[in-house]
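Computed from the coordinates by the stated procedures, all read-outs in this text should not be read as laboratory data. Bear in mind the structure is a predicted one, so any value in this text is a computation, not a measurement. Glycine also receives a Cβ, built like all others from the backbone with ideal geometry; neighbour counts cover every protein chain displayed.
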Amino acid sequence: MKQIIIIEDDIHLAKLMQENINTMENLQCQHIFTNPIDFFNNPVEGTVYLLDIIMPEMNGLDAIEKILKLFPDSIIIMNTIKDDSETIFKALQLGASGYIDKQSFEHNFKDVFACVENGGAFMTPKIARMVITHINQPRSITEKLTKRERDIVDGIVDGLSYKLIADRHEIAIDTVRMNVKKVYRKLSINSKSELFKMMGTIR
């Protein structure tokens, strides 16, 4: 019997989710926590954790690594109203196995657990479209740049200093600085952090 743990501050919604889950074969939801702090004070091992993001005391994103440290084999599915691409990719990077739109849980919960049981990672169509758009974005952005400028961007994204980028491509550090200015102007940005965000890189 797979144990499902819900961490959700809307207790009414959490109980509806629990009722839906308990109608399924081989699934059982006995535990609801209204915030991650309560869970970590009394941790319960589960097969799947349904984790909200916007909660009091601790953000759901901050809870992902802590849960996986306690129970490395568990599966975390984000169940949230937050649907911006930066939050989605941060959750997946931190170790979440899926990301669903909270409002659609009642319509999709059977598919969610069927997918997880088969080793997949479920996303609602809306979230999947955002992921695909985000993945394709850097390619269209870098088409605006020359090969030299793309090389410089790759170096910045790799975390290299201007000197190391210059050494990598055997060019002067002033050439690196000049190309960085051109990249910023072409992409209408002003900082490395904006470049990381645009390139879909979470640092």
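Assorted remarks:
- Links that overshoot a 30 Å alpha carbon limit, given the list Lys69/Lys144; Lys126/Lys197; Lys82/Lys163; Lys66/Lys147: Lys69/Lys144; Lys82/Lys163; Lys66/Lys147
- Contact order relative to length of the chain, as percent, for alpha carbon pairs under 8 angstrom and 6 or more apart: 14 percent
- Note on Lys181: aspartates and glutamates with a C-alpha under 16 Å away, same-chain residues under 8 apart excluded, are Glu149, Asp151, Asp154, Glu194.
- Of the peptides 161-167, 69-75, 86-92, 2-8, the order by per-residue mean of other Cβ atoms within 10 Å, starting with the highest, comes out as 2-8, 86-92, 161-167, 69-75.
- Amide hydrogen neighbours beyond the local backbone of Leu27, cut-off 5 Å, H modeled: Lys2
- A helix-only calculation puts the chain at -16500 deg cm²/dmol for mean residue ellipticity at 222 nm, using -39500 (n - 2.57) for each DSSP H run of at least four residues, averaged over all residues.
- Over the range 144-198: Rg over Rh, Cα atoms, Kirkwood Rh: 0.92
- Each of Asn179, Gly155, Asn35 was placed along the dipole of the chain (beta-carbon charges, centred on the mean Cα), and the one lying farthest toward the positive end is Asn179.
- Kirkwood hydrodynamic radius (C-alpha pairs) into Stokes-Einstein, the chain, 20 °C and 1.002 mPa s, D in µm²/s: 113 µm²/s
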